[in-house]
Structure formats: C-alpha cells, structure tokens
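Notes to accompany the following structure.
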Amino acid sequence: MLWNSLNQTVELGWDFYLPVIMFVALIALAVPVWAAIGTAAITMLVMSGDLPLSAIGESLFTGIDAFALTAVPLFILTGDVLVRTGLSKKFLDVAEALTCWTRGGFGSATVLVCGMFAAISGSDAAGAAAVGRMTIARLVESGYPRPYACALVAAGACTGILIPPSIAYIIIGLVLGISASTLFLAALIPGIAILVSILITNIIMNRLYTYETGGNMGLVEWLGNLGHALKSGWYAFIVPGIIFYGIFSGRLTPTEAGATAVVVTILMGFLLGTLKLSDFPAMLVSSAKVNGVILPIIAFSAPLAEALAIMGVPQGFVTAVTGLTDDPSVLILLMICILIAAGCVMETTPNIVILAPILKPLADNIGMNEIQFCIMMITALGVGFITPPLGLNLFVVSGITGESILKIAARAIPFVLTMLIVVLLIAYIPPISTTLLPDIFK
C-alpha cells in the first residue's frame, strides 16, 4: 500500500526501479556496498537525464570534502593504537575490579569495557574484535556458554556507535548538516542507557541460569582490589578523559580531539615500552582498511542523494506516508521498523547516507526534534548489529571464535529486546536526548 501510494505521488518510472533492482542484486551478490551505491546512483542519473554525467566527479569530491570527516580515521587509529599498546587491558582490569563484588561480575566487566572502548574508538566492529579476544575465553572459563559469551560481547560492542565519540554521529551530522559535537552531547544519556540495558539483561540472565557464581567479596576487599586496579592502570583513562573533556567543554572539535588522542596514545605506548616503530605499518594498514570501507560509501552517497532529491523521492515518501496516517506515534513506530529492518541487512554508514535524507522530512513533518531524530536513528540502526541475518557484530565474534552465527544470534535475542525498549523510550520521550543540550537545540 505504501509503495503504491509513493508511486502515485512521485510517478516513479524505470529510471528509479532499475537502479533499485541493480542495487539489491549487487548487494545480494556480495559486491562492495560503495560499488552498489555508485552503480545505482550513476544509472539513475543517466536514465533520468536530470544531471550531467560530468557532474558526478565533482559530486564525489564534495561528498568527502569535509573537515569533520578527518575525525573518522583518527578515532579508528586511536582504537587500533589502544589495543596494540595494551591500554585496553587496563580498562578490563578496572572494569573487573568495579564489578567483582557482584555475581556475574566478569560478564558485567565485559560490558563495561565495551563501553570504555566505545568512548575512544567510535567503532563497534573494532570493539567487538578487541574485547572479544580479551574476554570470551575467560567468560567461558567463568561458566558462560560460548554462544552466550559471544552474544554478550556482540551486544556490548554495539555501544561503539552509540556512546560518543561515534563515527556514526559524525557521518549523520555531515549528511544532515548538524554539528557532531552537538550530537555527541545529545547521545551521552541514550548511549549510557543502552549500556545499562545490556548490563541489566546480563544480570537477569545470570540470575536465571547461574552462569557465573561469586559476589561474596566484602567491602574492604573490594575497595582494595579497585584501588590496586586504578593505581596500576589510571593512566589508560587519560585518553578518554582528553576526548570527553575536549569535546564537551568546547575546547576541541571532534577532529582535534581525535588527533590529540592519537598523539597521546602513541606517546604513552612508547613511554610504556609496548609500542615500537615496527608496529606502525600494520597499525596504519589496519586502520586504512576500515576507513577505506567508510569513505567511498559517503562519497558515492552524494550523487545518489542528488538523484533521489531531483526525482522528489524524500518529499514523495512524506506525502505517501502521511496519506496513510497522520498519527505521529504510528509514524515514529513506522520509522523505527524501517530502521531496524535496514539495520538487519546493511551496515550503518550506507543506511545513514540512504535513509537519513528520506526519513528526516517525515520527522520534520510530525514535529520531531532533528537531534532526537538522529539519536533515534543511530540507536535503532545499532540494534541491527546483533540482529540476523547480517548483524555485523555477530560475524565479527563468530570470526574470532569459530562459533556458529545462528547460535550466537539465538542467545542475542534478550539483548535485542531490551535495546528495543530503549529505542522506543528515545523515540517517544524527547528529554532523553535533549536534556543536556542548550535551549537553542530543544
């Protein structure tokens, strides 16, 4: 019904249908997403004749000609340096000391260290790989079934794009023309809410199935363990401290904070003797591979966005949807369903560059705050990282453990459900994402 209404509103022809069919077919054939988007965009522009083919090169350049995008490779590199210097292990030691007094303490520590890593790298896949290598074997030794241990790490690593600084918020800010610093501030409470929901879910599951015992530690012993962990690893928190203070105080832009974090992390690695010059080639290549996946998608999204705008698809989508219902609550639920479905089959970056320009007019039409819309969108897409069939984090932890993706996905269902509750709260309660913002943005 919605598709028919959209077709009648915009009068779509083969200049729209054929590129869409090509895009779906290329994705199904495992062609890189940037190539699929580029092929669809060029085909759409050529068939419609609305934009000269010579303008595509300029459009590709302007799509990535943004100072804010420099922060993306910097945060990716910071996360890579963090792992190679061993500072990520200090995060785990402190997190374990914080939670060792509870039953299920190491499971909770695993979730906390995912959040700590997220506050530096801004990448979920990097967090899943780094934390998974450190914790999954120990989780199994503590009594957790391997599929559940993998699901716990995959869920915790979702915070990589939800807790600022986040690459996803940098990209959606660029696409919609919103300051990344503002989005980081707005995402703080929702990101922590997702982290807490994962913690609570793990505690409940541990109570139900008694995966991990313990929690008989006295207050004095707990304080002693925590003090020892902080004494031996306090310096690891200098990096997230610089990032958070610099960005949220307004003294540093996200790009400047990322550059400072890279330099400080490298210096700490040299001072600790855990980083050598010979480590740099592998580090830079690893970071370049991740960055090389993101930037081409952003570049090719520019001509695709222009083609869709020229054809009137975003405006037509709004007219078609509001023609079916004008109830804001129903429309918000519809957007969430679209985002979660998209997150199940495609990674965050292409979803942002394709869906944000289409759904944003609908959010504006029902009076949703643009900041709240961005937070809702990224959080809903984040759920897709642990949702079959293509939940990225499921593949990452499966790759490093050899565990079946289907078994991991089955154990991830409780985490998906609790994260969905947080998504609904963000969507229907604006203060969750706007409380920390200046009045001008509310």
task = Please tell me if Ile336 is surrounded by fewer than 23 Cβ atoms within 10 Å (Cβ to Cβ) and in contact with a helix residue (DSSP H, G or I) (Cβ under 7 Å, 6 or more places away or on another chain).
result = yes
key: Among (1) small (Gly, Ala, Ser); (2) surrounded by fewer than 19 Cβ atoms within 10 Å (Cβ to Cβ); (3) in a helix (DSSP H, G or I) - the single one Ser301 does not satisfy   = (2)
note = All conditions in (1) in contact with a helix residue (DSSP H, G or I) (Cβ under 9 Å, 6 or more places away or on another chain); (2) open to solvent by 40 Å² or more (accessible area, probe 1.4 Å); (3) acidic (Asp, Glu); (4) under 23 Å from Leu92 (Cα atoms) are true of Glu212 except (2)
task = Filter region 399-431 for residues that are more than 21 Å from the chain's Cα centre (by Cα) and under 12 Å from Arg146 (Cβ atoms) and give the result.
result = Thr401, Gly402, Glu403, Ser404, Lys407
remark   = If we keep only residues of region 237-290 that are among the polar types (S, T, N, Q) and not in a helix (DSSP H, G or I), then the residue surrounded by the most Cβ atoms within 10 Å (Cβ to Cβ) is Thr253
task = State yes or no: is Ala307 small (Gly, Ala, Ser), more than 22 Å from the chain's Cα centre (by Cα) and part of a helix (DSSP H, G or I)?
result = yes
ask   = So Lys231 clears everything in (1) touching a helix residue (DSSP H, G or I) at 6+ places or on another chain (Cβ under 8 Å); (2) assigned to a helix (DSSP H, G or I); (3) of a type in the set (Lys, Arg) except one condition, right? Which one?
value = (1)
note = Counting only helices (runs of 4 or more DSSP H) wholly inside region 384-442, the ones holding at least 2 residues that are modelled with pLDDT of 90 or more, out of contact with any His (no Cβ under 6 Å at 6 or more places or on another chain) and buried (at least 23 other Cβ atoms within 10 Å of the Cβ) are 405-428
request  = Six or more apart or on different chains, Cβ under 8 Å: which pairs go from a residue in region 348-370 that's touching a residue at least 24 places away in the same chain (Cβ under 8 Å) to one that's open to solvent by 40 Å² or more (accessible area, probe 1.4 Å) and charged (D, E, K, R)? Could you list them?
outcome  = Lys360/Glu370; Ala363/Glu370; Asn369/Lys442; Glu370/Asp364
remark   = Per the filter on region 244-266, residues among the aromatic types (Phe, Trp, Tyr) and over 16 Å from Leu183 (Cβ atoms) are Tyr245
query = Given the structure, is Thr70 in a helix (DSSP H, G or I), modelled with pLDDT under 75 and touching a helix residue (DSSP H, G or I) at 6+ places or on another chain (Cβ under 9 Å)?
reply = no
note = For region 51-65 the number of residues that are over 28 Å from the mean Cα position of the chain (by Cα) and open to solvent by less than 80 Å² (accessible area, probe 1.4 Å) is 5
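The values are calculated or read from the model by the stated rules, or taken from the named source; none is laboratory data. Being a predicted model, the structure only gives us computed values, none of them experimental. So basically every Cβ, Gly included, is an ideal-geometry build from the backbone, and we count neighbours across all protein chains shown. Note: areas computed on protein heavy atoms with side chains; ligands, DNA, RNA excluded. Shrake-Rupley method; radii C 1.70, N 1.55, O 1.52, S 1.80 Å.
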